[in-house]
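Visitor: Before anything else, here's the structure in question.
The values are calculated or read from the model by the stated rules, or taken from the named source; none is laboratory data. In this text the structure is predicted, and so the values were computed from the model without any measurement. Every residue, glycine among them, receives a Cβ derived from its backbone with ideal geometry; neighbour counts consider all protein chains shown. Areas reflect the complete protein model, heavy atoms only, side chains present, ligands, DNA and RNA absent. Shrake-Rupley method; radii C 1.70, N 1.55, O 1.52, S 1.80 Å.
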Amino acid sequence: MGAIYLVIGILAGLVMAIGTALGGNADNAGAAIALLFFIVIVPVLYAIGGFLGGMVLAALYNFVAPKVGGLELELEPRGPQY
């Protein structure tokens, strides 16, 4: 789950960085720090948040599943078997 959020964070960070670069004073130090933040820090924070969120949801599922019966799937083959 963390890897998925890392990819989302990279895409979001790039969009934010492009917005910052096109938004005005891209030649000052504050804009450079913002670009670095959006390209490096945002994806890492997204990945950490996704990992922690996945851990919490997995723990919640493991706590609730025995009480309500869990998730049961019945699969049937489709088409001829070769």
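Visitor: Could you figure out which of (1) at pLDDT below 85; (2) of a type outside the set (Phe, Trp, Tyr); (3) under 18 Å from Gly2 (Cβ atoms) isn't true of Leu52?
Guide: (1)
Visitor: Mind checking which residues of segment 1-10 are modelled with pLDDT of 85 or more and surrounded by 12 or more Cβ atoms within 10 Å (Cβ to Cβ)?
Guide: Once the filter is applied, which keeps residues that are modelled with pLDDT of 85 or more and surrounded by 12 or more Cβ atoms within 10 Å (Cβ to Cβ), segment 1-10 yields Ile4, Tyr5, Leu6, Val7, Ile8, Gly9, Ile10.
Visitor: Quick one: is Gly79 closer than 20 Å to Ala3 by Cα and not aliphatic (A, V, I, L, M)?
Guide: Numbers: closer than 20 Å to Ala3 by Cα: no; not aliphatic (A, V, I, L, M): yes.
Criteria not met by Gly79.
Residue-by-condition table, conditions (1) of a type outside the set (D, E, K, R); (2) touching a Phe, Trp or Tyr at 6+ places or on another chain (Cβ under 9 Å); (3) open to solvent by less than 100 Å² (accessible area, probe 1.4 Å):
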site	(1), (2), (3)
Ala21	yes, no, yes
Ala29	yes, no, yes
Val42	yes, no, yes
Ala47	yes, yes, yes
Leu52	yes, no, yes
Val64	yes, no, yes
Lys67	no, no, no
Leu73	yes, no, no
